[in-house]
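Read-outs: derived from the displayed coordinates by stated rules, not from any lab. Remember, it's a predicted structure, so these values are computed and weren't measured experimentally. Note: ideal-geometry Cβ built from the backbone for every residue, glycine included; neighbour counts use all protein chains shown.
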Amino acid sequence: MKRVVDSLLVALVIVACWQCLHWAVGNSSLSSPWSTVQALVQMLGTAAFWDNVGETARALAYALVIALAGGVALGVLLGVNRLSGVVAEPILLNLYSLPKVTLYPLVLLVFGLGLSAKVAFGVMHGLIPILMFTMNAIREMRPVYLRASKTMRLSFARTIVHVVLPAIFPEVVSGLRLGFSLTLLGVLIGEMFASQRGLGYLLTSAMNLGDIRTIMAVALFLTVFALACNGLLMMADRRLKHR
Amino acid sequence: MRTWEFEVKSASLIRIAVVAGFIVLIELLCRSGIIPASVLIPPSAMFTHGVDLLRGGKFDHDIVTSLLNIVAASIVSVLLGFALGLGIHALPSVRRSIEPLLSSYYAIPTFIFYPVFIVILGIGSLPIIAIAVMLSVVTMITATLNGLDRIPRALHKSAQVMRLSRWRSAIYIKLPATLPYLFTGVKLSVAYAFIGVIASEFILSGSGIGYAIGYAYNNFQNDDMYSLMLFVLVLVTLVNVVLNRIDQRFQARRRR
């Protein structure tokens, strides 16, 4: 209960700051919280908005599935083989801290405009954190698990499915939490550059029109969505860690 | 100890071999035409063209603009993050309510606020620096809090025993004790500043490396585009390597 009150307080302070900033810079530069909510409610009533949401959600879902599957698979491989993990880790960390937008033209040239480029861009952002969390989870897994599977003479595939994956599941969820927000960011940036649909496109077109109310409304929608998903994954995370 | 050192050495040798092999593979694929030149130009061509560009100075202005923005954003976010971290640490009640925000901050796609900054601050360096600071300041706050939390109690006590004043204990005890954590924050802040600056230049701006890459892409100048990409890749890698080296020194000192 206490936590909820605290979060509400923080939200109130942020809304107050927003309102003050609105008063300071004027209505044409930053719409007030109330008019943004009104604009959002109005937008939520239109079918076009939900088309864009659906488009972004589809790209996000594909990207998340690929990032999760690829990240866990690669993470397991690099985690089980210690040397390959040691070799790969600095390369991965460097790729992670790279401004991936610079590679965007390459993605477009390879995948063309449209859904696949957005998905690829989302995967590029989200894969590495999931991979790193998986790899480190396997490295720090209690060695007795692997010894037990050896005693039972489990095959490699069965060891992975019955021993390794259940053991690292909580860490994979933590990785997914980070990976989720980065994948969303990747998909949105992808839509901002080269797409005719989706929330990112809505943002760029509003930006070109100087329509600050729409920008703020979409930003508010995305922020609430991202925070809600993050909160859910965090709750799952906490529950799994206390198991 | 010996075998461990040997392992580290052989691992980095393998790493260099893997990266070199990857580059050679792409080079071969490009040269043999399996990857068409309209998609990717050979790495050697990127490199030679990049050297020509640097010599000719075609993109000097863009590179300098981006670097200045990155340096400015890094400095602002490190100082601001450190100051905010100190403040939040001193006020536990504020900290308790702000902690959930800090832990879920990176779930918010900060870039969506870039258009707002453009409208408020105008087109130019200011909105770019602002968005980069917004992206990188929170890691610095978290690193500062983390460092302050982990000052060993023995150090607090020895400061009391020696009757150091508040300021002296802050400078001679707290700062050195938190330095490794602070540096990790600095390292991450610089990485985020790079991402923030180059990505916002890409979205909307009139100069900078990100802008130049976007411009070259729109005009089908693949050679310029890939040379600039390579430049960013090499630059970020070099900065990372240097910062990681320093970071490892600090971490080793912490373990002692």
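Taking every residue in B:96-104 and counting other chain Cβ atoms within 10 Å of its Cβ, the average works out to 6. At most 12 other Cβ atoms within 10 Å and a DSSP loop assignment: could you name the trypsin sites (Lys or Arg not before Pro) in segment B:93-161 that fit? Of the trypsin sites (Lys or Arg not before Pro), the ones in loops of segment B:93-161 whose Cβ has at most 12 other Cβ atoms within 10 Å are B:R150. Across peptide A:199-208, the average count of Cβ atoms from other chains found within 10 Å of a residue's Cβ is 3. Here the Karplus relation 6.51 cos²θ - 1.76 cosθ + 1.60, evaluated at θ = phi - 60°, turns the backbone of segment A:94-110 into coupling constants of 5, 4, 5, 8, 7, x, 5, 4, 4, 7, 4, x, 4, 4, 5, 5, 7 Hz, with x for every Gly and Pro. Counting only alpha carbon atoms, the long axis of helix B:92-104 and the longest principal axis of chain B meet at about 20°.
Charges at C-beta only: +1 for Lys and Arg, -1 for Asp and Glu. How large is the resulting dipole of the protein assembly as shown about its Cα centre, in Debye rounded to 20?
Working: 41 positive and 21 negative charges, 581 e Å.
Value, rounded to 20: 2780 debye.
Quick check: from the Cα gyration tensor, does segment B:125-226 come out rounded (a/c under 1.5), prolate or oblate? Verdict is prolate for segment B:125-226. Our Cα-only numbers for chain B put the radius of gyration and Dmax at 22.5, 74 Å. Going by the alpha-carbon gyration tensor, a ≥ b ≥ c the square roots of its eigenvalues, is the protein assembly as shown rounded (a/c under 1.5) or, if a/c is not under 1.5, prolate (a/b greater than b/c) versus oblate? Rounded is the answer for the protein assembly as shown, as its axis ratio a/c remains below 1.5.
Computed over all pairs of different Cα atoms, the Kirkwood value for the hydrodynamic radius of segment A:82-156 is 15.0 Å.
In chain B, the longest principal axis of the Cα atoms and the axis of helix B:222-255 are about 20 degrees apart.
With respect to chain B, whose longest principal axis is taken over its alpha-carbon atoms, helix B:60-90 is tilted by about 20°. Mean residue ellipticity, 222 nm, helices only, chain A: the sum of -39500 (n - 2.57) across DSSP H runs of n ≥ 4, divided by residue count and rounded to 500, is -28000 deg cm²/dmol.
Quick one: which of B:176-189, A:29-42, B:28-41, B:203-216 comes out on top by average Cβ neighbours within 10 Å, and what's the full order, highest first?
Values: B:176-189: 20.5, A:29-42: 16.6, B:28-41: 12.9, B:203-216: 22.3.
Answer by packing, highest mean first, reads B:203-216, B:176-189, A:29-42, B:28-41.
Phi-derived couplings, Karplus 6.51 cos²θ - 1.76 cosθ + 1.60 at θ = phi - 60°, listed residue by residue for segment B:36-47: x, 5, 6, 9, 9, 9, x, x, 5, 5, 4, 5 Hz, with x used for Gly and Pro.
Rounded to the nearest angstrom and listed largest first, the equivalent-ellipsoid semi-axes of segment A:32-242 from its Cα gyration tensor are 38, 19, 13.
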